[in-house]
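Visitor: One structure, as structure tokens, below. Some questions next.
The values are calculated or read from the model by the stated rules, or taken from the named source; none is laboratory data. Model, not experiment: these values are computed from the prediction. Here the Cβ is made from the backbone with ideal geometry for all residues, glycine too, and neighbour counts use every protein chain on show.
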Amino acid sequence: MAETYLKIIKEAEGKSRDKKEQINQAREIWSKGFVAEEIGNYCKNNHVMDTTESKHKGLLTANDIANWSATIEKPLSYDYKNYTVCKTGPWGQGPTFLQQLALLKKFDLDALDEKSSEFVHLVVEATKLAFADREAFYGDTNFNEIPMDILLSEKYNIQRRSLISERASMEVRPGNIPGFGGEVSVRPKGTTPESFSKFDIGEPTVARFDEPNPNSLGNTKGDTTHFDIIDKWGNMIAGTPSGGWLQSSPIIPELGFCLSNRGQMFWLDNKSPACMGPKRRPRTTLSPSLALKDGVPYMVFGTPGGDQQDQWSLHLFLRHVHFGLNLQEAIDAPGFSTAHFPNSFYPRETDIGHLAVEGRFPKNTIDELKKKGHKVCIDTDWSLGRMTAASKENGILKGAANPRFMQGYAIGR
């Protein structure tokens, strides 16, 4: 891989002495030069074993890469108290964060204890509804009209909010918006045929460096990556660059890196907004966040974690906004999450009523959640969450990182 980058640099410098032009040339070499050619050749001429236990070629061509370029898009945003949260559009799962805020907006969270069963219950029930809508409506906005204005409207959320009761929901309940969306397919956990479930595939986002247990194929899991950076001028970036997993995608020998596996996000149901098709973007779980406070850029935050990304990051935000926890305290607080919706990764099972909580929650909270009907799974004390965050306010830069499994770091200079 080092040789690949050095070759790009040498070729780019050979075409211009201007730095900006060298950067443009490097991009051209990547998308239309030897890099794209080698990717195309590898996919065309190599058969690789996949989960069908047979060998298939890759789908990318050099022409695909030449005809694609990254775009700049306006973020989707939602106002909550004196904050504005910015997320990706519904080609990814990012708007579920905003839908959860829209559902929770009318509940008096300020009056609750952030470790109470009432707080956890309200948040989890809102999560179930928002993620059910993800399955029904989200997809590449270049090919689908996604009714985000309706999904974030107060009129829609009055009706959706009324579905949240004192009892845990045991149904996957997407909203109904005439003319939009598709059917939601639910495969209950444990019903996947053994011939497929043995592969233990999916996103390696819950790996623990202290538990490198191999799966049924003898592979260990890595992890998604996330970073939040603020420079001395106040420029902010949150990024979740992930998808090229070495343990499940072959290295292209001539280049030294593998291709992204994010195509597994697609559905093969052509009625789904997230169905596979030429030039379509997969509905990824990657979901960085940026928040403005009183109209001023304030915080960037995010996490690895697949379907948990817009749960764990929401919990940090709510604890910071409603209960006054600083960034590190909000990250350190006991984690929780639910899998009560189709998983984004094969075999896409749904664990109806599931609620995972860290054992650090008070016993009374856990007992009350069980009484409300949640299928509570008590995880180890420091296990749920991978958050990092950085903020700037009154000229002071602040950073915080997840202490779980020693995977995150906050660094300032």
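Visitor: Of all residues in the range 364-413, count the ones that are basic (Lys, Arg) and within 16 Å of PHE301 (Cβ to Cβ).
Guide: Let us first name the residues in the range 364-413 that are basic (Lys, Arg), namely 370-372, 375, 386, 392, 398, 404, 413.
Next, from what is left, pick out any that are within 16 Å of PHE301 (Cβ to Cβ): 386, 392, 398, 404.
Total meeting the criteria: 4.
Visitor: Any residue in the range 226-241 that's farther than 13 Å from GLU393 by Cα and surrounded by 14 or more Cβ atoms within 10 Å (Cβ to Cβ): show its pairings with residues that are charged (D, E, K, R) and at pLDDT 95 or above at Cβ separation under 9 Å, as long as the two are six or more apart or on different chains.
Guide: Within 9 Å, the pairs are ALA238/ASP228; GLY239/ASP228.
Visitor: Scanning for something outside any helix (DSSP H, G or I) and in contact (Cβ under 8 Å) with a residue 12 or more places away in the chain, does the range 314-331 turn up at least one residue? It would help to see each step written out before you state the result.
Guide: We begin by selecting, within the range 314-331, every residue outside any helix (DSSP H, G or I); these are 324-326.
Going one step further and asking which of them are in contact (Cβ under 8 Å) with a residue 12 or more places away in the chain, we end up with 325-326.
Within the range 314-331 (the criterion being outside any helix (DSSP H, G or I) and in contact (Cβ under 8 Å) with a residue 12 or more places away in the chain), the answer is yes, since at least one residue qualifies.
Visitor: Still on this model: Can we say ALA339 is touching an Asp or Glu at 6+ places or on another chain (Cβ under 6 Å), crowded, with 20+ Cβ neighbours inside 10 Å and among the hydrophobic types (A, V, I, L, M, F, W, C)? Please lay out each step first, then the result.
Guide: On the way: touching an Asp or Glu at 6+ places or on another chain (Cβ under 6 Å): yes; crowded, with 20+ Cβ neighbours inside 10 Å: yes; among the hydrophobic types (A, V, I, L, M, F, W, C): yes.
Answer is yes for this residue.
Visitor: Got at least one residue in the range 345-361 being touching a residue at least 12 places away in the same chain (Cβ under 8 Å), in a helix (DSSP H, G or I) and in contact with a Ser or Thr (Cβ under 9 Å, 6 or more places away or on another chain)?
Guide: Our first condition is that a residue be touching a residue at least 12 places away in the same chain (Cβ under 8 Å); within the range 345-361, this holds for 345-361.
Narrowing the set further to residues that are in a helix (DSSP H, G or I) leaves none.
No: the range 345-361 contains no residue that is touching a residue at least 12 places away in the same chain (Cβ under 8 Å), in a helix (DSSP H, G or I) and in contact with a Ser or Thr (Cβ under 9 Å, 6 or more places away or on another chain).
Visitor: Let me ask you something else. Confirm whether ASP149 is of a type outside the set (S, T, N, Q), free of Cβ contacts under 8 Å to residues at least 24 places away in the same chain and either closer than 30 Å to LYS371 by Cβ or assigned to a helix (DSSP H, G or I) (or both).
Guide: Judged against the criteria, ASP149 is a match.
Visitor: Another question, then. Output the residue which, of all residues in the range 49-75 that are closer than 30 Å to PRO347 by Cα and of a type in the set (Lys, Arg), is surrounded by the fewest Cβ atoms within 10 Å (Cβ to Cβ).
Guide: Result: LYS55.
Visitor: Moving on. Can you name every residue in the range 9-27 that is within 31 Å of the chain's Cα centre (by Cα) and crowded, with 16+ Cβ neighbours inside 10 Å?
Guide: The first filter runs over the range 9-27 and keeps only residues within 31 Å of the chain's Cα centre (by Cα), leaving 23-24, 26-27.
The one that is within 31 Å of the chain's Cα centre (by Cα) and crowded, with 16+ Cβ neighbours inside 10 Å: ALA26.
Visitor: Go through the residues of the range 39-53 one by one and say whether even a single one is outside the structural domain of LEU316 (by TED's automatic domain parsing), at pLDDT below 95 and assigned to a strand (DSSP E or B).
Guide: yes
Visitor: While we're looking at this one, here's another question. Does at least one position in the range 104-121 carry a residue that is crowded, with 24+ Cβ neighbours inside 10 Å, assigned by TED's automatic domain parsing to the domain that holds LYS371 and either farther than 19 Å from SER153 by Cα or charged (D, E, K, R) (or both)?
Guide: Within the range 104-121 (the criterion being crowded, with 24+ Cβ neighbours inside 10 Å, assigned by TED's automatic domain parsing to the domain that holds LYS371 and either farther than 19 Å from SER153 by Cα or charged (D, E, K, R) (or both)), the answer is yes, since at least one residue qualifies.
Visitor: Right, another one. Residue under question is SER260, and the condition is that it be closer than 22 Å to VAL85 by Cβ and among the polar types (S, T, N, Q); does it hold? Spell out the reasoning first.
Guide: Working: closer than 22 Å to VAL85 by Cβ: no; among the polar types (S, T, N, Q): yes.
No: the conditions fail for SER260.
Visitor: So if I check each of GLY306, GLY302, GLY256, which one is within 11 Å of the chain's Cα centre (by Cα), at pLDDT 95 or above and not hydroxyl-bearing (Ser, Thr, Tyr)?
Guide: Values: GLY306 fails: at pLDDT 95 or above; GLY256 fails: within 11 Å of the chain's Cα centre (by Cα).
Residue meeting the stated conditions: GLY302.
Visitor: To continue, here is another question. Test GLY175 against the criterion of being exposed (fewer than 13 other Cβ atoms within 10 Å of the Cβ) and either assigned to a strand (DSSP E or B) or at pLDDT 90 or above (or both), and give yes or no. Before the answer, list the steps.
Guide: Working: exposed (fewer than 13 other Cβ atoms within 10 Å of the Cβ): no; either assigned to a strand (DSSP E or B) or at pLDDT 90 or above (or both): yes.
Against the criterion (exposed (fewer than 13 other Cβ atoms within 10 Å of the Cβ) and either assigned to a strand (DSSP E or B) or at pLDDT 90 or above (or both)), GLY175 does not qualify.
Visitor: From ALA62, ALA130, which residue is in the same structural domain as SER248 (by TED's automatic domain parsing), small (Gly, Ala, Ser) and at pLDDT 95 or above?
Guide: Just a single option satisfies the conditions, and that option is ALA130.
Visitor: State all residues of the range 1-54 that are over 26 Å from LEU246 (Cβ atoms) and aliphatic (A, V, I, L, M); if no residue qualifies, say none.
Guide: Selection gives ALA12, ILE23.
Visitor: Please list, ordered by first then second residue, the pairs with beta carbon atoms under 6 Å, 6 or more apart or interchain, first in the range 154-181 and more than 17 Å from SER272 (Cβ to Cβ) and assigned by TED's automatic domain parsing to the domain that holds LEU103, second in a helix (DSSP H, G or I) and among the basic types (Lys, Arg).
Guide: SER169/LYS128
Visitor: Only one of these conditions is not met by SER248: (1) surrounded by fewer than 20 Cβ atoms within 10 Å (Cβ to Cβ); (2) outside any strand (DSSP E or B). Which number is it?
Guide: Just one mismatch for SER248, condition (1).
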